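These notes are about the structure you will find just below.
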Amino acid sequence: AQSVSQHNHHVILSEAASLELGCNYSYGGTVNLFWYVQYPGQHLQLLLKYFSGDPLVKGIKGFEAEFIKSKFSFNLRKPSVQWSDTAEYFCAVTNNAGNNRKLIWGLGTSLAVNP
Amino acid sequence: ETGVTQSPTHLIKTRGQQVTLRCSSQSGHNTVSWYQQALGQGPQFIFQYYREEENGRGNFPPRFSGLQFPNYSSELNVNALELDDSALYLCASSLGGGGSQETQYFGPGTRLLVL
């Protein structure tokens, strides 16, 4: 069955540090990849997504992610984090097989940025 | 915010009871997906509705059922509540029938506690 792994469950950084959150998925076919973020007290919202084309995807608030097909990975990066990036980050995947409707989610990574 | 609203925000029920959760989709969206998010977990797909028909279902028992109305709002019903049903229930709306590349817009969730 398709699954998503996020390697870091809790990350603590200081402002201006660089961020990389790992995401790996298990599915051999064509996938669509998403990163969602949930800021404290707010709804889940889309950060960025990848369907095809340039494997380096840029999202909102300075985030980017790189799709590496050979590694089944879609890691999220930001060169310099801010206190306002404190949030829960979720990686999610769908595939194009058949009539699939499901977003398969990772467990999430809780990021705390110290000012 | 996304324009997706859910009610109630919090709910306490006892085992064996039934519960109905409600979701109003973002204006213009015709597809609603429901997710269950247990504490410390990523969301799990329950089912999706498109134009008032169930359009995909995850691994949830039949006591989880739903409806979508002509205005595309939706209900999630859970019968014979169990302790493990305690979770945050998320509703997400999208436009286009729930294709695998659609961005979903999430509501704030309903937190259900079963005692």
Scan the stretch B:29-51 and give yes if some residue there is at pLDDT below 95 and among the basic types (Lys, Arg), otherwise no.
yes
Note on B:SER93: of the conditions (1) closer than 25 Å to A:ASN95 by Cβ; (2) out of contact with any His (no Cβ under 6 Å at 6 or more places or on another chain); (3) not in a loop (DSSP other than H, G, I, E, B), unmet is (2)
Residues of the stretch B:88-115 satisfying the condition of being on the phi > 0 side of the Ramachandran plot and either within 13 Å of the chain's Cα centre (by Cα) or surrounded by fewer than 16 Cβ atoms within 10 Å (Cβ to Cβ) (or both):
B:GLY96, B:GLY97, B:GLY109
Selection from the stretch A:21-46 of residues that are surrounded by 14 or more Cβ atoms within 10 Å (Cβ to Cβ), within 16 Å of the chain's Cα centre (by Cα) and either within 20 Å of A:LYS71 (Cβ to Cβ) or small (Gly, Ala, Ser) (or both)
A:LEU21, A:GLY22, A:CYS23, A:ASN24, A:TYR25, A:VAL31, A:ASN32, A:LEU33, A:PHE34, A:TRP35
Where A:ILE68 falls short, out of the listed (1) within 14 Å of chain B (Cβ to nearest Cβ); (2) surrounded by fewer than 17 Cβ atoms within 10 Å (Cβ to Cβ); (3) β-branched (Val, Ile, Thr):
(1)
Pick out the one residue from B:ARG63, B:ARG57 that is of a type in the set (D, E, K, R) and within 9 Å of chain A (Cβ to nearest Cβ).
B:ARG57
Quick check on A:ALA112: is it part of a strand (DSSP E or B), away from every other protein chain (no Cβ under 14 Å) and either within 30 Å of B:THR110 (Cβ to Cβ) or of a type in the set (Phe, Trp, Tyr) (or both)?
yes
Would you point out which residue out of B:SER74, B:SER93 is of a type in the set (Ser, Thr, Tyr), closer than 16 Å to B:TYR49 by Cα and either within 11 Å of chain A (Cβ to nearest Cβ) or in contact with a Cys (Cβ under 7 Å, 6 or more places away or on another chain) (or both)?
B:SER74
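The values are calculated or read from the model by the stated rules, or taken from the named source; none is laboratory data. Everything quoted here is computed from the prediction, not taken from an experiment. No Cβ is skipped: glycine too gets one built from the backbone with ideal geometry, and neighbour counts run over all protein chains shown.
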